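Just passing along the structure, written as structure tokens.
The values are calculated or read from the model by the stated rules, or taken from the named source; none is laboratory data. Since this is a predicted model, take the numbers as computed values, not measurements. A quick note on method: Cβ atoms are made from the backbone with ideal geometry, for glycine too, and the neighbour counts reach across all protein chains shown. Heads up: the accessible areas ignore ligands, DNA and RNA and are worked out on the full protein's heavy atoms, side chains in. Shrake-Rupley method; radii C 1.70, N 1.55, O 1.52, S 1.80 Å.
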Amino acid sequence: QLQPHHKANFRLSKKKSPRKDGDTSKEVKDVSRLSHDRSKIVPLSPSSEFFQKLGVSNADGKPVNGMASKLRQCQKFVEIVGNLVDNASNASPSTSPTKIRVIDMGCGRGYL
């Protein structure tokens, strides 16, 4: 019997019937990689007060109906801006600006 920490290989024979290939007793070293329910690494928690006040997510971190794409868009924006800020602060002092300016173009409801 297969357990989560075992590995088995199967292949189809010429007659298209499944056939076990090799030994099923080989152990997989990192069982956590087998999970399909891994949590995503996001720069800002969906349950943060910021998203709740905007009406994008609820206290459980679940998107409000119709706001899942807006939540993803906000997460991507924070990821991009975070990388830009990190790159600017890691640049050499002679080429790095001392201030970072953010300009709001006034489009939309201001989620970003």
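Where does each of ILE80, ILE103 land when they are ordered by accessible area, with a 1.4 Å probe and the largest first? Kindly include the intermediate steps, with their values, before the conclusion.
On the way: ILE80 85, ILE103 135 Å².
Order by accessible area, largest first: ILE103, ILE80.
Something else about it: Order VAL102, VAL64, VAL56, most accessible first, counting only protein heavy atoms with a 1.4 angstrom probe.
VAL102, VAL64, VAL56
Once a ≥ b ≥ c are taken as the square roots of the eigenvalues of the Cα gyration tensor of segment 34-81, is the result rounded (a/c under 1.5), prolate (a/b larger than b/c) or oblate (a/b not larger than b/c)?
oblate
Same structure again: Compare the peptides 37-44, 10-17, 68-75, 82-89 by average per-residue count of other Cβ atoms within 10 angstrom and give them in order, highest first.
Details: 37-44: 9.4, 10-17: 7.6, 68-75: 16.2, 82-89: 11.0.
Output ranking for 37-44, 10-17, 68-75, 82-89: 68-75, 82-89, 37-44, 10-17.
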